[in-house]
Structure formats: C-alpha cells, structure tokens
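Here the structure is laid out as structure tokens; the discussion comes afterwards.
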Amino acid sequence: MRKNLFLIAIILGSLLLLAFVAPQAINTVAKKLRIPKVNISAPDFRLGLDLLGGTHLVYQADLSKITGSTSDAMQGVRDVVERRVNLFGVSEPVVQISGSDRLIVDLAGINDVNQAIQLIGQTPFLEFKTILPTAQGDAIIKQALGDKAQGVTAVNLCAPENIVSLNQFLLAFRVDPCYQPSGLNGSGLKTAQVSFNNQSLSPQVSLELNSEGAKLFGEITQANLGRTVAIYLDGLPISTPTVQSAITDGHAVISGNFTPEEAKTLVARLNSGALPVPIQLISQQTIGASLGSESLQKSLRAGVFGLLFVALFMIVFYRLPGVVSILALLVYTLLVLSLYKIIPVTLTLAGIAGFILSLGMAVDANILIFARMKEELAAGKSLNASVHEGFSRAWLSIRDSHVTTLLSAVVLYMFTTSIVKGFALTLGIGAIISLITATFVTRTILLTFVGPWSEKRKWLFR
C-alpha cells in the first residue's frame, strides 16, 4: 500500500512538473481535445547569449596610473559596469574580467545595441588632481609644442580662467602640464546630488565621499591650502577650485558651467557608478537571433538523441529494469528542467552540455544497481531480495561517485569563468537530482513490478 502511494505521488508530481516545464505543450493538447478553461502559464527558460543572440563587447582598462592593486581596480570596473547594464534592463547580463586589464560584457537579447554601448561608454571617470610643479609643466608644454611653445607657460595655461585652453591642449597631446593624480577618484564617491550656488544660483553638483574618500580628500586639501585642486571628469578638468581650508567632512562641490539638465545628467551618471579607471571599447561582436536559434535547435536535438541512445542501451542490456530506468530518467529530466526555471539558470551551450552529460551520469547509478541485482539473481536469490540487495550494496558506490562529481562541479564553479560556470552549475544540479531519482524514484517504480508473477519471469530482470 505504501509503495503504491509513493508511485501515485511520483506520477502526480511528474504531471505537475510537466505542466511547469512545458505549459505550451499542455495548452496545445488541451485545445485539440477541446478541454475548456485550460490555460497554464509558467516562466520561460533563461537563455544565454549564444542561444538567444545579442552582443559580445570587450573593453580594455587603462591601468597605467594605478599604484595599488590592479585586480581591485578591475573588480571595481566590473561592479560599476554591471550595475549600469542592470539599470539598462538587460536580462541576465554577463560581465567578467578577462586577463589583467580586459572586461567582457555579454548582453543577451537586447533590442538597441548602440544604446547599451553608449551607456557603458558614458560611465564617467571622476578624478581629483593636485597642481603640478611649474617647472615640470613647462617641460611638458615645451616637449609637446616644440617651437610653438614660446609664450605658452604652465602659469598661464593652468590658470582657472583658461580651463578651455587646457582642455584643448589635453585633447590634442594627451599629456597634462597642469595637474597630477592625487589618488582620489570615483571609487571614493558615496553619492552625488544637484545643488545651487548661494550667490550666483547656478547649478552645481555636490559630492559626498565615503570614509576612505573623505580621509584622502582631507589629506589632499590639508596639503594644498591656497592652491588649486582640480576635478577631472573623463580626463578633462571641469572645475578648478582653490582650497581655502581643509575639508574633512567628506563633502565636495563640482561648480562647472552647468545647465540644470547637464547637472542632473552628471548626477545620474555619478550615482550609478563612477569608474575607478577609464575603459575603452576594443571589440564588438553581434550574434544574430537566427544563429542563436540554430544553436538551440542543435542542442535540443543532441539531447533527444542522447536520451534515445541511452534508452536503447538500457532496454537491450537490462530489459524491464532498463524500462524503469528510462521512466526514472524522464522524472529526472522534469525535476532538473524545473529547477532551471526556479533558480533560475541561464542556459548556454556549455550549460546544455553539462545537462546532457548528467543524463548519462543519472543512468550510471541505475547501472550499478541493476548489475548488482543480476549478480544476486545469478546466486539464486529471490527477485524481491535481489532488488533490495542491489540497492543496498550499490548505494556506497553511487554516493561516492556523485559526491566526487559534485565536488568537481563546485571547484569549476568557484574558480573559472562564466562559460565554464554554466557547465559546472548544470552538472552539479544533475548530480544532486540523480541521487534522488536513482535511490527513490527508480526503487519505487521497480518495486511495483516485484510480486508472485515476476518471480516466475526472472528473465525480464536478468
């Protein structure tokens, strides 16, 4: 009676899982059978870039001015870009570091590629700079301008009223004769908001620094009393205020010639993340939806063929237990696919490969059980005893093999890139679910065939 209840629970559970995994198929069948009021809905599978189509972007970061840890700087870039891409509304973006100075951004299923590229490229690089010694500035100007350097000195070029001329010089020669990095950049920013100058009522941007930024800014202003500390945005100075007193409360003001809209835009960009280092787009590859659809169809076809070949092998070599293992494998497939939707798992070609591999691993547990059953039957034991003995003696091998596979999947997931992580995640999920189906589902279904009639037909189990 108890095993019958378990079997009924498995059947009902499988039907519910089928409705969750493939609601469209259930709705189509109900429509053809003219069953009224059947309209099942469930979330779709999340597909990766290689299946859904989208854009693959590669950015290179300029780490030449980083004095500390470059890996920390790249991690900061990754976090900021991921945050901005999420604001854009891209489904399941993949943002990962490649090598020491490159950032890979995969945007699956986006409608406007150029807008997304522009959004990432417009992320501001905010930096505070201190005045460069005049002699060094004059040497830089002379080296850049050559004979045309007469009359152009660091004193006049770096004057606050000549900020436009300085910008033109920076754009032309890519060297700064006026200011040098202070070590404080956008990573020290906590928040930004629009404010207005009390005297001129012109819009400005008020910055609040985090604890590390506030400490560094206090040291910078203390060391530069009466001198200029310039605020650079994307490599160009937008404000060059003179330090009147040490600022230790972590508040600063960008007072460029902003319109209200420009100030609001700058605040929005700063609040969504200022890059700790500048980045440049060096490669773009677009994967069409048709190519992704073709890859998905081939992957599904490979999965179906794999399932059919496994089913054929099991039925030929193990007969009735082989049929039971295929039923358990179908339950396994429904469980795994349901988890892909619930977690959710972003399916890529590598992830589907992990799933197909896990199909063979799920059947492997049954092979250990059935092989042990054959040995017990050959020794003259009853079918009922052989089934229980097969599960009991095979359990340790099944447990150890699945634990080692799961450990491998965990290591791959923790220490590899996202492509391999997709494979590791689907393989790890498969290892866990396989333990359930091999020890519970297969056992429950197989025991329903054990009885007086099967004792006379042991050939079905040999």
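Bear in mind that the values in this text are calculations on the coordinates, not laboratory data. Source: prediction; values computed, not measured.
Odds and ends about this structure:
- Per residue convex hull volume, Cα atoms of region 288-460, in Å³: 101 Å³
- Share of alpha-carbon pairs per 10 Å distance bin for region 275-382, given as whole %: 12, 32, 24, 16, 9, 5, 2, 1
- Karplus 3J(HN,Hα) series, Hz, for region 160-168 with 6.51 cos²θ - 1.76 cosθ + 1.60 (x for Gly, Pro): x, 6, 9, 4, 5, 5, 5, 4, 5
- Whether region 375-462 is rounded, prolate or oblate, judged on the alpha carbon gyration tensor where a/c under 1.5 counts as rounded: prolate
- Amide H within-cut-off set for residue 132, under 5 Å, with H built and near neighbours excluded: 179, 180
- Note on region 1-42: Rg/Rh from C-alpha atoms, Kirkwood Rh, equals 1.13.
- Whole-Hz couplings from phi, Karplus 6.51/-1.76/1.60, listed for region 133-139; x for Gly and Pro: x, 4, 4, 5, x, 5, 5
- Rg/Rh for the chain (Cα atoms only, Rh after Kirkwood) is 1.19.
- For the chain, the longest principal axis of the Cα atoms and the long axis of helix 23-32 meet at an angle of about 50 degrees.
- Reach of residue 215 by Cα under 14 Å, taken over aspartates and glutamates that are not fewer than 8 positions away in the same chain: 249
- Whole-Hz ³J(HN,Hα) from phi, Karplus 6.51 cos²θ - 1.76 cosθ + 1.60, for region 97-102, glycine and proline x: 8, 10, x, 9, 9, 10
- Built amide H within the under 5 Å cut-off of residue 210, gap 5+: 189, 190
- Amide H contacts under 5 Å for residue 196: 204, restricted to partners 5 or more places along the chain or on a different chain, H placed in the peptide plane at 1.01 Å from N.
- Of interest is the spacing of the C-alpha centroids, which for region 292-329 and region 336-364 amounts to 14 Å.
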